[in-house]
Amino acid sequence: MTEFLQHFVNGLSVGTIYALIALGYTMVYGVLKLINFAHGDVYMVGAFAGYYLGAMSENGEPTLFRAVLVTLGSMIFCGLLGYTIERFAYRPLRHRARLTALITAIGVSFLLEYSFQLKPWFHHPFEFPPGPSPRFFPALIDFGGESPSIEFLDVTIPKIDLLGFGVAIALMLLLQFIVYRTRFGTAMRAVSFDSQVAGLMGIPVNRIISLTFMLGSALAAAAGIINASSRPKIDPLFGLISGLKAFVAAVLGGIGSVPGAMVGGLVLGLTEEFVAGYTDSSYRDAIAFTVLILVLLVRPTGIFGRVTAEKV
Amino acid sequence: MARALAVLRSFLPFIVGIPILYVIQVFLGSYSPALALIAVTLFVNVVLAVSLNVVNGFTGQFSLGHAGFMAVGAYTAAKITLAFSGLTIPVLGHALTQQAVFAVALSASMFTAAIAGFLVGMPSLRLRGDYLAIVTLGFGEIIRSVIENMKFLGQATGLSGLPARTNLVWVGISAVATVVMARRLAVSTQGRALFAIREDEVAAEAMGVDTTGYKVRAFVISAAYAGLAGALISHAIQLCTPRMFTFIRSIEVVVMVVLGGLGSITGSVVAACTITIALEALREFQAYRMVVYALLLIILMLTRPQGLFGTRELWDLPIFRKLMRKPAVAGGEGASPTEVRDDSTSTGGAA
């Protein structure tokens, strides 16, 4: 039982990360019908932005204020990055074949990964690019007390995971509010439904798509910070696999659906943790893809997806 | 008599080519082994690019799992050559026996890779576009993950000490065979069906093309040649590890195909040669290699998404038409069967 609960806790911790990244995938797919391959790398950049911001405020004590500042800074930075990527790499291709955009997205993903792996060009005020070897994310928050985790029914729950989980849930609720209760959200859903007609109705389609990208990228940055706080080893390639898995989570939940991405992320995180925990953990990375293949074969629309007929 | 001559003519490239390649191999191998290895890599990349073009270019199905099939082929061949490395058939002598073993290993690698292609293709080819891309990527990674966990395949360290069997003759034959296969496929009924699927899958199906069947066949053919390429490269560098077959390898091949033009065989060949040589020239800037790669891919997609040649072949280009003094007949007999008027890109976005 203890083992089960421990896996459950670990699974939730990983699952929230997947869910936050998957939200970006699902929103972008909703408005553009594009798998933003570079999204996992935006998540990586988010963690690094947090790393640098944390390093720059090194002399400050790890306080809640600093943590909020670093997280917000990184989210804003990634929002701008997302805007740049959309503006210069995807927008010129919007009316071309979809595969063209997919290939470009792969290109952007590689560009981020490999330019971050270069040797540092400059060392002051910080070393950038970080280079291929892993770096250690600074602790943003000091929880006081003796133990960094709480024990409950013999289950170890790291406090940072608990906080991360709370922040993630809050962000998801905020997103849910934005998408379903605000004018921007309504416009976003309209663009997702039919961008051409939405444009005719006076919705500024380009601006909505840009904002969607920024929102998704900011969430990815938050996921990057939460993940790096709990598992502090970061390197330029760690976004790749997480990004792909988050995509699986988005498909599992039903791509284009906001609650689907959340549920998909949590389910995938739990599945991975349980399967890897009870069997051979060296197959961990293959689990997500197996889930993906099963979902696409059994129920391609995912848990919350709608069935749409193909128009000729 | 005429028939016999025609058969002979189609074997002419082999009859002339093999001795030439052999001579080059002997000279280059003793003069500069590094250069010989680059030449081998170049031919292997041609095999990879042309075979991936059958799926990505001819059929319009975007596969990102080529490296997985390479891995299957490489490990199959490696197991066979390692198992029979001491074998000598008295009549043939050791050297010739080993060449025969290698030939068997190459055939077996194509066979197992084809089976893998079938197993992967059957379920995933029901999907389209970007889903297919991700699923093939996933399968590629699953294949790698499985290999990494197999004791008898050496797990993460892989198999080392493979006999150095690959030479220019083997890769030359393989490259020519791949190109000829692709060309024959393109001008056949099968090829027409594949192009129909690429242009409009729904319309092709309505016209009675068994879309899933043809897609799976294209996938199997492509996988077989990927397996061949994997076997060749692993016996050139005498090593076979899972790290050689990550999905970055698949992307490299995709870049070649896209650069040359989806659907253009000569385009793939030219792109594979260009990229291989360019990467060797840039070896000093090792770290920047992949950055340049990524930038190239983005800029190419933004400026010329159809690739260098589009769906056309080298001999369709105006310069070559002039050289051959053939009048350019638009859409007529002069045009290559792979050439399709370029309206697919404009309608594709709306679909």
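The values are calculated or read from the model by the stated rules, or taken from the named source; none is laboratory data. Treat the numbers as computed from the prediction; the structure is a model and nothing was measured. For neighbour counting, all protein chains shown are included, and Cβ atoms are generated from backbone atoms with ideal geometry for every residue, glycine included.
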Any idea which of A:Leu118, A:Leu112 is at pLDDT 85 or above, within 14 Å of another protein chain (Cβ to nearest Cβ) and either closer than 21 Å to B:Phe285 by Cα or surrounded by 15 or more Cβ atoms within 10 Å (Cβ to Cβ) (or both)? A:Leu112
So which helices (runs of 4 or more DSSP H) stay within the stretch A:186-271 end to end and still have 3 or more residues that are closer than 30 Å to A:Pro158 by Cα and of a type in the set (Gly, Ala, Ser)? A:205-230, A:238-253
Based on this model, can you work out whether A:Ala22 counts as small (Gly, Ala, Ser), surrounded by 16 or more Cβ atoms within 10 Å (Cβ to Cβ), closer than 29 Å to B:Ile248 by Cβ and more than 19 Å from the chain's Cα centre (by Cα)? no
A:Asp194 being touching a residue at least 24 places away in the same chain (Cβ under 8 Å), of a type in the set (Asp, Glu) and out of contact with any Phe, Trp or Tyr (no Cβ under 7 Å at 6 or more places or on another chain): no
Hey, can you tell me all the residues within the stretch B:1-16 that are closer than 26 Å to B:Tyr225 by Cβ and more than 20 Å from the chain's Cα centre (by Cα)? B:Ala6, B:Val7, B:Leu8, B:Arg9, B:Ser10, B:Phe11, B:Leu12, B:Ile15, B:Val16
Does A:Val248 qualify as being in contact with a helix residue (DSSP H, G or I) (Cβ under 8 Å, 6 or more places away or on another chain) and within 14 Å of chain B (Cβ to nearest Cβ)? yes
Kindly indicate whether any position in the stretch A:56-67 is touching a helix residue (DSSP H, G or I) at 6+ places or on another chain (Cβ under 9 Å), in contact (Cβ under 8 Å) with a residue 24 or more places away in the chain, assigned to a helix (DSSP H, G or I) and under 18 Å from A:Gly216 (Cα atoms). no
Scope the stretch B:82-111; condition among the polar types (S, T, N, Q), assigned to a helix (DSSP H, G or I) and farther than 20 Å from B:Gly158 by Cα; matching residues: B:Thr97, B:Gln98, B:Gln99, B:Ser107
Whichever residue in the stretch A:59-108 is modelled with pLDDT of 90 or more and of a type in the set (S, T, N, Q) and, among such residues, is farthest from B:Asn56 (Cα to Cα): A:Ser74
Listed by first then second residue, the pairs whose first member lies in the stretch B:278-289 and is loosely packed, with under 14 Cβ neighbours inside 10 Å, whose partner is in a helix (DSSP H, G or I), with beta carbons under 6 Å and at least 6 positions apart or on separate chains, are B:Leu282/B:Arg289
Inside the stretch B:112-224, counting only helices (runs of 4 or more DSSP H) that do not spill past its ends, which hold 2 or more residues that are surrounded by fewer than 20 Cβ atoms within 10 Å (Cβ to Cβ) and within 14 Å of another protein chain (Cβ to nearest Cβ)? B:129-148, B:201-206
Among the candidates B:Met244, B:Met256, which residue alone is within 14 Å of chain A (Cβ to nearest Cβ) and either among the aromatic types (Phe, Trp, Tyr) or part of a helix (DSSP H, G or I) (or both)? B:Met256
Which one of these is over 20 Å from the mean Cα position of the chain (by Cα), surrounded by fewer than 24 Cβ atoms within 10 Å (Cβ to Cβ) and not aromatic (Phe, Trp, Tyr): B:Ile38, B:Ile20? B:Ile20
Any residue at all in the stretch A:35-49 that's modelled with pLDDT under 90, surrounded by 24 or more Cβ atoms within 10 Å (Cβ to Cβ), within 12 Å of chain B (Cβ to nearest Cβ) and more than 23 Å from A:Gly131 (Cα to Cα)? yes
Quick test of your reading of the structure: A:Val28 fulfils all but one of (1) touching a helix residue (DSSP H, G or I) at 6+ places or on another chain (Cβ under 9 Å); (2) surrounded by fewer than 24 Cβ atoms within 10 Å (Cβ to Cβ); (3) hydrophobic (A, V, I, L, M, F, W, C). Name the failing condition by number. (2)
